[in-house]
Amino acid sequence: MQTAQLLVGLDVGGTKTAVLLADANGNALAEATIPTYTATPEALLGTISRAVRTVLAEVRATPRQIRSIGLGVPGLVNPATGIVQLAVNLNLQRYPLGPAVAARFKTPAFLENDVRTAAVGAFAYVQQTEPVQSLAYVSIGTGVAAGVILNGRLHRGHNGMAGEIGHMIVELGGARCNCGQYGCLETIVAGPAI
């Protein structure tokens, strides 16, 4: 393999982290899923490192061969700076996850909300058979969120919170959510609640 030709994609969830290693043409080479550790930002970085090193080992590659890393993370993120503003299921607040991963692997790292990333992928997939201009992708896992494509473009909303439907209060006086509110949709229909 040529130097810096591998692409790494991670779906960093509150329960598990999935990683895919691909070549420069987007062909999948290896994948893995490992538990996510969220006690501290360093523990989360350790999870990400283990996931990446697991797939690299499968193809006998080294971190120097990675061209870039993409991170899908739940919560409020700033893709321009790589900062996780708030990810309650990852125990992160105002943390520069993108720059931390880039420094650890000495390669560019890009950060986006995980469900928005999935919505972009779903939109591209649907376009192959049934061209649409808009769609909503709803994800139910450790949390609940939606990714929205409007008129062919990813919609983040004015404050970056578009699609954070898991934190709508639907049950007054309901169970306490990881975000600190009571009765959020997430406390009723997310994976742990089910």
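Results, tabulated for the structure shown:
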read-out: Selected residue (criterion: farthest from ALA109 (Cα to Cα)) from residues of the range 50-96 that are of a type in the set (Ser, Thr, Tyr) and touching a strand residue (DSSP E or B) at 6+ places or on another chain (Cβ under 8 Å); value: THR54
read-out: Residue within the range 48-62 that is under 28 Å from GLY180 (Cα atoms) and either out of contact with any Gly (no Cβ under 9 Å at 6 or more places or on another chain) or surrounded by 14 or more Cβ atoms within 10 Å (Cβ to Cβ) (or both) present; value: yes
read-out: Neighbours by Cβ (under 9 Å, 6+ apart or cross-chain): first from the range 114-128, under 24 Å from LEU76 (Cβ atoms) and in a helix (DSSP H, G or I); second open to solvent by 60 Å² or more (accessible area, probe 1.4 Å) and among the aliphatic types (A, V, I, L, M); value: VAL115/VAL138; ALA119/ALA136
read-out: Sole residue being touching a strand residue (DSSP E or B) at 6+ places or on another chain (Cβ under 8 Å) and on the phi > 0 side of the Ramachandran plot, chosen from GLY160, GLY180; value: GLY160
read-out: Residue match in the range 84-91 (condition: at pLDDT below 95, buried (at least 23 other Cβ atoms within 10 Å of the Cβ) and assigned to a strand (DSSP E or B)); value: yes
read-out: Selection from the range 10-29 of residues that are in contact (Cβ under 8 Å) with a residue 24 or more places away in the chain and either open to solvent by less than 30 Å² (accessible area, probe 1.4 Å) or of a type in the set (Phe, Trp, Tyr) (or both); value: LEU10, VAL12, GLY13, GLY14, THR17, VAL19, LEU21
read-out: Meets criteria (touching a Ser or Thr at 6+ places or on another chain (Cβ under 6 Å), within 30 Å of HIS158 (Cβ to Cβ), among the polar types (S, T, N, Q) and surrounded by fewer than 21 Cβ atoms within 10 Å (Cβ to Cβ)) for ASN78; value: no
read-out: Flag for GLY70 being farther than 23 Å from GLY191 by Cα and either basic (Lys, Arg) or surrounded by fewer than 16 Cβ atoms within 10 Å (Cβ to Cβ) (or both); value: no
read-out: Answer residue from the range 134-170, given it is outside any strand (DSSP E or B) and farther than 21 Å from ASP11 by Cα and is most open to solvent (accessible area, probe 1.4 Å) among those; value: HIS158
read-out: Residue list for the range 103-112, filter: in a helix (DSSP H, G or I) and surrounded by fewer than 18 Cβ atoms within 10 Å (Cβ to Cβ); value: ALA103, ARG104
read-out: Only one of ALA32, ALA100, ALA43 that is assigned to a strand (DSSP E or B), open to solvent by less than 40 Å² (accessible area, probe 1.4 Å) and of a type outside the set (S, T, N, Q); value: ALA32
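The values are calculated or read from the model by the stated rules, or taken from the named source; none is laboratory data. Since we're looking at a predicted model, the values are computed, not measured. Neighbour counts are summed over all protein chains in view; Cβ atoms, including those assigned to glycine, are modelled from backbone coordinates with ideal geometry. These accessible areas exclude ligands, DNA and RNA; they are computed on the full protein's heavy atoms, side chains included. Shrake-Rupley method; radii C 1.70, N 1.55, O 1.52, S 1.80 Å.
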